[in-house]
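This report refers to the structure that appears directly beneath it.
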């Protein structure tokens, strides 16, 4: 059952804003203001053209396309393992989630099942990525409204997640860790990995959340800036195809971990009758910036609980699925000492003859920190996909930004944008 957040304290309806929307001025009474891209809240990647009536926003027109990334087109020139190094640059706040989402779709296309060990490791990393993303979102939302200390509380703890990713993959910011049917390499030492994760979820994360909540949850300035601002109703959220915390803060009861389960979120994930991980989906009903903040805070707790259920019982055995013995590159020790392993290493990396891609198409998605992150993949049997299309949550969620802002004050723009948590690299595909 979804976890129902306690309703926020009642506030007076902004009658002035509602009246204004009914009696907005004609075009001749407006003036135009460019907000961004050289603005701290837009990070030089987004520009919003505002039509203002005094301090009231009459119309907001977002302009995207400042990164020129071409992620989807690059998918036609990288093979199914190489492409992970590209898509981890999309939601660069939690790159490991992109890796998991991409290979989740590819493994559905290839009809490859993962080993229990791989499912547990990926689930732990997916929830660490969710924590990583929400900590920055909550911190940056506070920073944009003047609470610099709140930003430090969230940002500092992300360094410990980077340490964990660095330990298992050799890279901090872009781990590029997953591969078709598994991961690039097994965990170097399970006990070290467990200690690092335990230290983070038992000591670092609870302390950071307590500091953030103490600073913001009853802070009069913060509450006045976010409560009753940027309201989205449940009907609007559904009509606009919003997902993730943005939709759940408006009462939409949808989370792919429950509605289309995968990894350790599904029944019998280990093939021996294992129960799915136990967690609740936080739901709010007010649909404003404050509700979105509260939903993300509760999701931090739920992610911590998921990791707590898995970290001490990581299954042994192989971490990579290898049904025909030739899907993954062999261990380096074997490459240096066996001609068969050397040939297999060469064929997979240089000729892609280690495994054959199917001919077909599929769509698969996971619940990323910002909502549904899906990939539509078309394969023609070659070493690279024939076509790749992405369904990034930020692009869909940002489509509601203009309507959320209309009738509000100019100063409310940063509060609304921060609550959506727009990742600009997901806008330019």
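Remark: pairs (first residue in segment 79-108, on the phi > 0 side of the Ramachandran plot and surrounded by fewer than 24 Cβ atoms within 10 Å (Cβ to Cβ); second residue assigned to a loop (DSSP other than H, G, I, E, B) and modelled with pLDDT under 95; Cβ separation under 8 Å; 6+ apart in sequence or on different chains) are absent. Scanning segment 261-280 turns up no residue that is modelled with pLDDT of 95 or more, over 17 Å from residue 120 (Cα atoms) and not in a loop (DSSP other than H, G, I, E, B).
In the set (1) touching a residue at least 24 places away in the same chain (Cβ under 8 Å); (2) within 21 Å of residue 304 (Cα to Cα); (3) surrounded by fewer than 17 Cβ atoms within 10 Å (Cβ to Cβ), residue 244 fails one condition alone, (3).
A count restricted to segment 36-56 and to residues that are free of Cβ contacts under 8 Å to residues at least 40 places away in the same chain and surrounded by 15 or more Cβ atoms within 10 Å (Cβ to Cβ) stands at 6.
Among the residues of segment 93-107, are any within 18 Å of the chain's Cα centre (by Cα), farther than 30 Å from residue 380 by Cβ and modelled with pLDDT of 90 or more? Yes, there is a match, as at least one residue in segment 93-107 is within 18 Å of the chain's Cα centre (by Cα), farther than 30 Å from residue 380 by Cβ and modelled with pLDDT of 90 or more. Taking segment 64-83 as the range and being in contact with a strand residue (DSSP E or B) (Cβ under 6 Å, 6 or more places away or on another chain) and at pLDDT 90 or above as the test, the residues that pass are 72, 75.
Of the residues 139, 146, the single one that is over 24 Å from residue 188 (Cβ atoms), outside any helix (DSSP H, G or I) and modelled with pLDDT under 95 is 146. Just one of the listed residues (136, 143, 128) is within 24 Å of residue 292 (Cα to Cα) and surrounded by 22 or more Cβ atoms within 10 Å (Cβ to Cβ), namely 128. Number of residues in segment 411-426 that are in a helix (DSSP H, G or I), out of contact with any strand residue (DSSP E or B) (no Cβ under 7 Å at 6 or more places or on another chain) and either free of Cβ contacts under 8 Å to residues at least 60 places away in the same chain or under 20 Å from residue 33 (Cα atoms) (or both): the value is 6.
The values are calculated or read from the model by the stated rules, or taken from the named source; none is laboratory data. For clarity, every value in this text was computed on a predicted model and none was experimentally measured. Cβ: placed from backbone, ideal geometry, glycine included. Neighbour counts: every protein chain shown.
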